[in-house]
Structures are given as C-alpha cells and as structure tokens.
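This report refers to the structure that appears directly beneath it.
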Amino acid sequence: MRVLPILLFAIAATAEISIDPSIEWSVVDSDLVVRGRVIAVKPLRREGIAIYETAVFRIEETLKGPVMQTVRFEVVHAESQPWVAKERPFKLEALCFLKRKKKGQGWELRYDESDDLVRLDKAFLTDAGGKHHEGRDAVLAAVRSAIAIMPKNTKLRSLVVEHPVVPNPDAVANVQYFEVPIDQLLEARAHHLIGLKKDKLRYKGVTILRQFKSDQNVALLKKLLKSDAATQQVQSPHKWGVLPHVHDEWRVYWLRAEAWRILKAWGIQVSRPVLMEPVGGGATED
C-alpha cells in the first residue's frame, strides 16, 4: 500500500490517502509473478532506519516471467520485524509480485510486502473495475485472467481511480483508491460510466477519458458541453478560472466544464459553453 498526498477538492486541503494496486496493475508492473512459499529470510545490511533482508521463495507455479525453482528477493523495511519475519510464513502459500532490480542482477518487491507478498489463505484483492476477489481460488483465477489479457511487450502507464469500499462500519471513507493500467479496458470503463444516469459517475468517466484522445472521444465530449448537470454554490469556484459578477448563488455546470477543459488540453478548438449562471436568472459569467 502506498501513502501519497492528494488535494481533496471538496475541502480544498491536502490530506494523505492510501493507494492500493489493482490486480491488473500488479500484473503489468511485475516482471515475475509466482505462487509458492517463503523458505528462508536472511539479514543483509542496515542503512539508517532502512533494514535490508533477503527472502528465499520456493516457486510452485510461475504465472508470469521466467520459470525457476526458487527466487531470492530483497525486503526493505523500517520495522524491527517485517511481514516475512513477523508472520513466519514458511509453510504458508503466497502469491509474489517481483521486479528486476534497476541496478545489477536479482529481484525485488515492486513496493513492499503488504502489496506484493500476498498470503493466499487471507487473500483479498480488487481488480481495475472495482470488483473484489476474496480467497485463494478467486484471487488466483483473477490474476491468471489479468495475465491472459495483458498486452505483450507494451509499457503501460497507470492512473489512480476510486472505487467504493466493502461495507465497513469502522471505515473513515466510503471510497478507496487504486492504481490501474491505462489501457483499452479503462477506456471502456470510462465510456460505461459516462453512459450512466448518475452525474457523479458520469463525471468520473469524463475525468478518466482525458487519457484517451481520439475522434470518437472528442465527439463524445462535445456532446457533454450541453450537459445540464450542475450544483449550486454561494461563491465562485476558482477551479473553473471564472470570476462572475456579484450574485449570492451560482449554478455551476461542472460536467460540461470538465469536458471543455479536456478538449482545450487536447488542442480542440471549441467555443466555451456557459459554465456558471446565477440562480434565478441574470447575467452569466464574463
């Protein structure tokens, strides 16, 4: 799990959120995906608060990458006991996502053991579409499926999207953030969201569509420049770069505004639609 700062529009303040990899991104971002068991952990060195150890993983199935009997990888942590030592997983079946080291030979976890060394007896992963997969067989099936449809020899970028969390009375938020690959499946998801009735979901689809410039998507965004989706705000939202005349309350057409901003970013020449107007009539923004 990664923790990154993000600007929350609703409160206009910087907060920290956790970002989990989707199954698809874990697969795309890994050079080696294997099922097996940790059979040894050996200390390497310490650099400040960082502790380096080597884990030896006995491979029982190779899902992606070169076939080997065992693989050694580094575990870097700042705890007295990382997952591999604390949980003593030497007899526990696990799924491991590894990358080649940037310098020299060998392997390392993509990020850390919480994301990349998944105990299958407690497996719970989420795919790029927001579907949760729980349990050994369900998780392995989802990972194999993601590998089967993954484009070959293609470097993909990633995007952070939000999905509803599993109902939890102790949850502090009702969404969770996931890293997903920017691919045709994500573009198809954007089209699906835009076609729904709920404006908030349509807005999510529009923001995702920014990654996919095409004639089809240009035409789709142009249609949204006439969208009636709006909220009423007392003050001018400077997000839109608009400074209206003085009115107590304004209707903000945020869906058409986002579509217009994306078209501008793509270099498409379109007339600016009405982005704001006072509630009850009167002059619109300049």
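To make sure I understand, if each residue's beta carbon is the centre and we count other beta carbons within 10 Å, what order do R251, R46, R58 fall in, fewest to most?
R46, R58, R251
Which ³J(HN,Hα) values, rounded to whole Hz and listed in residue order, are derived for the range 255-272 from phi using the Karplus coefficients 6.51, -1.76 and 1.60 in 6.51 cos²θ - 1.76 cosθ + 1.60 with θ = phi - 60°, glycine and proline given as x?
Going residue by residue, I get 6, 5, 5, 5, 4, 5, 5, 5, 4, 4, 4, 7, x, 8, 7, 9, 6, 6 Hz, with x marking Gly and Pro.
Could you give me the ³J(HN,Hα) list for the range 213-228, computed from phi with Karplus coefficients 6.51, -1.76, 1.60 and θ = phi - 60°, whole Hz, x at Gly and Pro?
For the range 213-228, the Karplus curve yields 6, 7, 4, 4, 6, 4, 4, 5, 5, 4, 5, 6, 5, 10, 4, 8 Hz.
Determine, for each peptide in 211-218, 68-75, the mean count of other beta carbons within 10 angstrom over its residues, then list the peptides with the highest first.
Descending mean neighbour count gives 68-75, 211-218.
Specify whether the C-alpha gyration tensor of the range 177-226 places it in the rounded, prolate or oblate class, a ≥ b ≥ c being the square roots of the eigenvalues: rounded for a/c under 1.5, otherwise prolate if a/b is larger than b/c and oblate if not.
Taking the square roots of the gyration eigenvalues as a ≥ b ≥ c, the range 177-226 is oblate.
When the chain is fully extended, how far beyond the present Cα-Cα distance does K226 get from T62, taking 0.36 nm per residue of separation?
53.9 nm is the gain from fully extending K226 to T62.
How do 122-135, 139-152 rank on mean C-beta neighbours within 10 Å, highest first?
122-135, 139-152
V279 to H191: FRET efficiency via 1/(1 + (r/R0)^6), r the Cβ-Cβ distance, R0 22 Å, to the nearest 0.05?
0.10
All of the numbers you see were taken from the coordinates with simple rules; none came from a lab. Since we're looking at a predicted model, the values are computed, not measured. Using ideal geometry, Cβ is built from the backbone for each residue, glycine included, and neighbour counts are taken over all protein chains shown.
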